[in-house]
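The values are calculated or read from the model by the stated rules, or taken from the named source; none is laboratory data. Small disclaimer: the values here were computed from a predicted structure and weren't measured. Here Cβ is always computed from backbone atoms with ideal geometry, including for glycine, and neighbour counts include all displayed protein chains. What goes into the accessible areas is simple: the full protein's heavy atoms, side chains included, and nothing from ligands, DNA or RNA. Shrake-Rupley method; radii C 1.70, N 1.55, O 1.52, S 1.80 Å.
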Amino acid sequence: MLELVARGEVAPGAAQVAEAAGVGLRSVFRHFKDMDALYREMTEAIEIEVLPMLLRPPEGATWQQRLFDLATRRARIFETIMPYRVSADLRRFESPYLMEDHRRLLRLEREALEAHLPEAVRADAAGAQALDIILGFGNWRALRQDKGLGAQDAAAVVRRLLADAVARWPDA
């Protein structure tokens, strides 16, 4: 499943997984009770890969510098997880597990951001939400897939949006 999604097959079915693995369809479901179980395994494998990058505290002397470091790190993480997250997003409206995982990822993104914001910025609800959108996966996906930007150009757009947004709080 990981290989299929990485190659661009955004919604592989169990038959495709079985064929790619060189096993029968029944073998797939002997190891995984349903497609959600496959997505759980995929999520765990991807998280093991990106967790070290995600857990390292952002660097910088100021909160603004730390946000720019966070933006750079998220670009690398988002590039790694994009095919898998897009695949899961296509099925999340059919799957309580995938919907809950989607909400969990959004919550993690928001909490990681809020941990590095000064109180004055957190108190500005609209401003904090704007930063969350700028640095969120949804924005990255839109820049990369909907706008067709390369990773470097998408990162430049995120940095520009972030610079414009943090300029609102020069003394925070």
(request) Grab the helices (runs of 4 or more DSSP H) fully contained in the range 1-60, keeping just those with 3 or more residues being among the small types (Gly, Ala, Ser). (result) 14-21
(message) So, in the range 72-95, how many residues would count as being free of Cβ contacts under 8 Å to residues at least 24 places away in the same chain and open to solvent by 40 Å² or more (accessible area, probe 1.4 Å)?
(response) 4
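Residue-wise test of (1) touching a residue at least 24 places away in the same chain (Cβ under 8 Å); (2) open to solvent by less than 40 Å² (accessible area, probe 1.4 Å); (3) under 27 Å from residue 115 (Cβ atoms).
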{"position": "15", "(1), (2), (3)": "no, no, no"}
{"position": "38", "(1), (2), (3)": "yes, yes, no"}
{"position": "51", "(1), (2), (3)": "no, no, yes"}
{"position": "58", "(1), (2), (3)": "yes, yes, yes"}
{"position": "63", "(1), (2), (3)": "yes, yes, yes"}
(request) Starting from the range 123-140, keep only residues that are of a type in the set (Val, Ile, Thr), then list their pairs with residues that are open to solvent by 30 Å² or more (accessible area, probe 1.4 Å) whose Cβ atoms are within a distance under 7 Å, requiring at least 6 positions of separation or different chains. (result) 133/139; 134/161
(request) Could you grab me the full set of residues in the range 114-164 that are loosely packed, with under 14 Cβ neighbours inside 10 Å, within 17 Å of the chain's Cα centre (by Cα) and under 15 Å from residue 63 (Cα atoms)? (result) 114
(request) Of the numbered conditions (1) assigned to a helix (DSSP H, G or I); (2) at pLDDT 95 or above; (3) surrounded by 16 or more Cβ atoms within 10 Å (Cβ to Cβ); (4) not basic (Lys, Arg), residue 98 fails exactly one; give the number of that condition. (result) (2)
(request) Among the residues of the range 61-84, write down those that are of a type in the set (A, V, I, L, M, F, W, C) and not in a helix (DSSP H, G or I). (result) 61
